[in-house]
Amino acid sequence: MAKPRGTDGSLLASLPWTLAALAFALAPHVQFLPFWITGAFFVCASWRYTIERRRRALPSTWIRAILAMLCFLGVLVTYSSISGVGPGSALLAIMAALKLLETRRRRDQFVLLFISVFLVMSSLLREQYLWSLPYLLLAVLLTMTAWLRMSAAESETMRQNFRTSTRLVLYAVPLALAMWIFFPRLASPFWAVPIDTGTASSGISDTMSPGDISSLSLSSAVAFRVNFDNTIPAPRDQYWRGLVLQHFNGRTWTGDELTIASQPEDQIVFGGAPVAYMVTLEPTRQQWVFALDMPYAWSLARTNIGPQQQLWRMQPIDQRVAYDVISYTEYQVDLEMSRSIRDRYLAIPARSNPRTVRLAQQMRAVAGSNADFVEAVLMKFHEEEYFYTLRPPPLGSNSVDRFLFDTKRGFCEHYASAFAVMMRAAGIPSRIVLGYQGGEMNPMGDYLIVRQADAHAWTEIWLEGVGWTRVDPTAAVAPERIDAGISGAMLDGTAAAWGLLPPSALLHRLSLTWDAMNAKWNDWVLGYGPENQDKFMQWLGMDDPDWRKMMLTLVSLVVALVAVISLLLFLRNRPPPRDRAAVLYQRFIHKTGVTISIGETPAAYATRVRSRFSADSIDTITSAYLDARYGPVDPAALQRLKIAVSALSHPHQQ
Amino acid sequence: MQGGNTLEQLPTGKDADRAALGRAREVLGSIILGKDKQIGLALSCLLARGHLLIEDLPGLGKTMLAQALARVLGLSFRRIQFTSDLLPADIVGVSVFRQNKGEFEFQPGPIFTQLILADEVNRATPKAQSALLEAMEEYQVTVDGNTRQLPRPFFVVATQNPADQIGTFPLPESQLDRFLMRLELGYPNEENERMLLTGGDRRSMLNEIDAVCTPAQLQKLQEIASGVHMSSPLVDYIQALVRQTRESPEIDIGLSPRGAIALVAAAKAHAYVEHHSGVYPDDIQAVFAAVAGHRLQPAGNTSYRSSAELCQHVLDTVAIP
């Protein structure tokens, strides 16, 4: 086997740029990749650079083969699969790292930069945030610059390369836009990539124990955004209904299996003015669909209303969805209730929370009616030493007893739970509703942001002749929570008492602006799916758009754009008329086969080549060229030059 | 296209002024043998209204060239031999008190002429040298507070021995800058030297020269020469050359804008002398060493031994557009 030769250091100038481009393209993947892959890349990159610097030899084929096998096995073990976005990008990163170890020539460097472009593209399969767009553009620019750097003349500066790559990327923008607009979006894409959905869900869960919601309150992540068509209901009417819980085991509330209500029309009687709006719901990986209490009609497919008036979709919400809803804030639900159902809403585990049960029964006895009893309980919360706080003390078993008699500090779920238990103890059917309350109007985009911090729990009680009625005990303890919402309370400082620090006004403004931009990005870019494309095509005048028509439009548009860009480039670089003499002269030099040296005048060149051709024709060409190019404008000289150059025959034919 | 063919190419009878120029060149060539290139440059220099510095060792025909130029162009000629005791008054003149008239009368110095030969200009003290300066730049001299115009056209042809000879005061850069061109004559080749040795006496030949034009005609020629067409690629070329002199590591001080202007004027005049339809790259290259050579300050570590080599290096590194 031949002794491996060291590198010649010819890549030393361009290699750092290639490495930088790769690192830049890899960076968005790092948080998803196992640590050892990122490590492997940096080890290989610095190894390769040292090799080039010290003019050492590249690792032998055997070492590379073993490394490749090891890495492949590593990916297989880590992901137990090699398909999908995760293992795919892991393999890409490995490929970049290992390809470095066999990069000898420019050709190999080309492959590396291709990988870099692929890395950029594959990071879009994971995340499509607004902020990632400029970053990825920058990564593409850097890759292009590294590309130019590779074949650049030494005299070219970095700045020139960067300018060229920027220009190239700009030329590509119209093409990319055309592709994006016209490439047919299909409802079930055939190119579907298995995206790791993960198991972690965000937002509220489908059970409620003390402390579940208060932990959400510290999260400013967006739950959903709402665009109201006309009227915006008052904050105290903004109850975003999610799920309903009615089973209580002494500590935790749970709901029923999801079923479809048998006669939804019979359950609910709507009244008052309708409120129309559009909700853009961030993925929750759960089935709950949030709508303003009480939803009347909704546009989301495969979505039903359950027996407790909760909206839910057949499959979990894994991607951002937007849907229109019409709600009525005045309604009557379940005016009639059978004995057996009523019993279910009254169930309390025996021997749990005895003090609460006793208190409720005493208070009911004192009060004349159910309505008076409700009023009395709310008054108790309002007037006694109960506090609203996001950092309540821990409660043991019999959590309601502990809260109501000992700690007296709680968040909405504590009050809702205690209230519901007291109602049941006094013979009033009750249940808990989980959802969001309030939200913050974003003046930048005129829409409502509902954050995880706005998560809320409230109570519904059933009263004879009235049906289910919403009672929010939190409103009795901390009315500002309901009137101003969490964000409002945080801004004016009242939330400080609950354990939340107010953000700075400027930061808050910035975050609202950023959120508005993100909302637009979601609407206009990420939301451009089959439906929006269809609408846009019809707006463009394409009736009955289907994928064939769109492909045809796309292809012709791309061809036209390429033609226009080429034409622009051509016009830009076309020599002005005067320089046609220079072009002809270049042709003459090409014909003679003798290169003209730097700083050599046409006359000097003529003396050099005169012996090879007929001296006359050389002199004619030279003098015609000098006249045409350097003399006053003289079309005749140009004509002479043209004729003489085309008449000049090759030396062999003479 | 080189100088030797010029006469045959002349458009006979069509352009009398230009024909005179060709004759002047022929006559000069018969006196200063084998120096056609330098003669062409010297004529270009005068046509571009520039002053000329001829630098070389003694005995190579510097003075002869200056005298011949004056005669052939029909200019009045004076000569000042610069010595270390030369006073400014010896150049510009003095006011003498006339007893019979009872007043001062200005005795014009030798500078009041159309072509003045400042022979061995670097032998004089800086004070005397600077007396020449005002005249070269302003075309006037000031004596006793009176400013007197010099006759037009006015040319200074200075000769100097290379600065490393004993007893010389090298011209400062500011003064060198006033000369449009600096020429070196160099030794004649074998053949021409033989003709010099065997041929007639040069000095008597000088006396037989007839002027080919009048001073007025010469001024007209200058006017025409300054209007020679210069295409924009060649303006680019001149800019590139100037930039190269400023950026080259071989050169400490590059060409000033005045140097660049001089280059344009000289190239135009050269194109006129060579009967080109406009300025050609060859014109720029032909005058480049003469115009730029004495204005450049070579870097201390440069490997080029003479300014001519340095100028050639610059020409060899800049592409002609």
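Observations
- With a Cα cut-off of under 29 Å and a minimum spacing of 8 residues unless on different chains, the lysine pairs in chain A number 6.
- Peptides A:137-149, B:308-320, B:39-51 ranked from most to least packed, by the mean per-residue count of other Cβ atoms within 10 Å: B:39-51, A:137-149, B:308-320.
- Across peptide A:629-636, the average count of Cβ atoms from other chains found within 10 Å of a residue's Cβ is 5.
- Here's the picture: charge each Lys and Arg Cβ at +1 and each Asp and Glu Cβ at -1 in the protein assembly as shown, and of A:133, A:85, B:290 the one pushed furthest to the positive end of that dipole is B:290.
- Cα-based Kirkwood hydrodynamic radius, region A:404-457, one decimal, Å: 13.2 Å
- For residue B:79, the residues whose amide H sits under 5 Å from its own are B:117, ignoring neighbours fewer than 5 places away on the same chain, with H placed 1.01 Å from N.
- Amide H contacts of residue A:223 (H built 1.01 Å from N, in plane; Pro and chain starts excluded): A:450, A:451, A:452 sit under 5 Å, all sequence-distant by 5 or more or on other chains.
- Using bins of 10 Å that start at zero, the share of Cα-Cα pairs per bin across region A:311-389 amounts to 11, 24, 31, 23, 11, 0, in whole %.
- Whole-Å distance, taken between Cα centres, linking region A:3-69 and region A:281-308: 51 Å
- Volume of the Cα convex hull of region B:3-226, divided per residue and given in Å³: 149 Å³
- Cα-centred dipole magnitude for chain A, charges only on beta-carbon of K, R (+1) and D, E (-1), debye, nearest 20: 4380 debye
- For region A:325-440: rounded, prolate or oblate by the Cα gyration tensor [a/c cutoff 1.5]: oblate
- By definition, a body whose alpha carbon gyration tensor gives a ≥ b ≥ c is oblate when a/c is 1.5 or more and a/b is not larger than b/c, and region B:185-254 fits this oblate description.
- For chain A, the longest principal axis of the Cα atoms and the long axis of helix A:61-79 meet at an angle of about 20 degrees.
- Remark on region A:15-151: hydrodynamic radius 15.2 angstrom, per the Kirkwood mean of 1/r across alpha carbon pairs.
- In sequence order, calculated HN-Hα J values of region A:100-112 (Karplus, 6.51, -1.76, 1.60; Hz; x Gly/Pro): 4, 6, 10, 7, 9, 10, 4, 3, 5, 5, 4, 4, 4
- Of the residues A:73, A:395, A:290, the one whose Cα sits farthest towards the positive end of the charge dipole of chain A is A:73 (charges of +1 on Lys and Arg Cβ, -1 on Asp and Glu Cβ, taken about the Cα centre).
- Nearest-20 debye value, chain B charge dipole, Cβ charges on Lys, Arg, Asp, Glu: 680 debye
- For the peptides A:579-591, B:266-278, the ranking by mean Cβ contacts within 10 Å, running from highest to lowest, is B:266-278, A:579-591.
- Among A:300-311, A:632-643, the peptide with the highest mean count of other Cβ atoms within 10 Å heads the list, and the full ranking is A:300-311, A:632-643.
- The mean count of C-beta atoms from other chains within 10 Å of the C-beta of residues in B:311-317, rounded to a whole number, is 2.
- Expected-Rg normalisation [2.2 N^0.38 Å, Cα atoms] applied to chain A: 1.43
- Student exercise, region A:15-151 dipole from Lys, Arg, Asp, Glu Cβ charges, in Debye to nearest 20: 660 debye
- On the beta carbon distance between residue A:579 and residue B:81, with R0 = 60 Å, the FRET formula returns roughly 0.65.
- Applying Stokes-Einstein at 10 °C and 1.306 mPa s to the Kirkwood radius of region A:577-653, computed over alpha-carbon pairs, gives a translational diffusion coefficient of 129 µm² s⁻¹.
- Per-residue mean of foreign Cβ neighbours for B:281-288 is 3 (Cβ atoms of other chains, 10 Å radius).
- Estimated [θ] at 222 nm from DSSP helical runs (n ≥ 4, -39500 (n - 2.57)) normalised by residues in chain B, nearest 500: -14000 deg cm²/dmol
- Pairwise alpha-carbon distances in region A:535-628 exceed 15 Å for 72% of all pairs.
- Surface/4 of the Cα convex hull for region A:207-507, nm²: 15.3 nm²
- Per-residue [θ]222 nm for chain A (sum of -39500 (n - 2.57) over DSSP H runs n ≥ 4, rounded to 500): -15500 deg cm²/dmol
- Rounded to 0.05, the FRET efficiency of the residue A:332 and residue A:380 pair, given R0 = 30 Å and the Cβ-Cβ distance, is 0.60.
- The ranking of A:171, B:237 from fewest to most other beta carbons within 10 Å of each one's beta carbon is A:171, B:237.
- Relative to the longest principal axis of the Cα atoms of chain A, the long axis of helix A:505-520 lies at roughly 70 degrees.
- Relative to one another, the C-alpha centroids of region A:82-156 and region A:444-471 are positioned 49 Å apart.
- Among A:559, A:40, A:479 the positive-end extreme of the charge dipole of chain A (Cβ point charges): A:40
- Taking a ≥ b ≥ c as the square roots of the eigenvalues of the alpha-carbon gyration tensor, region A:72-177 is classed oblate because a/c is 1.5 or more while a/b is no larger than b/c.
Just so you know, all these numbers are worked out from the coordinates, no wet-lab data involved. None of these values were measured; they are calculated from a predicted model. Ideal geometry is used to build each Cβ from the backbone, glycine not excepted, and the neighbour counts take in all protein chains shown.
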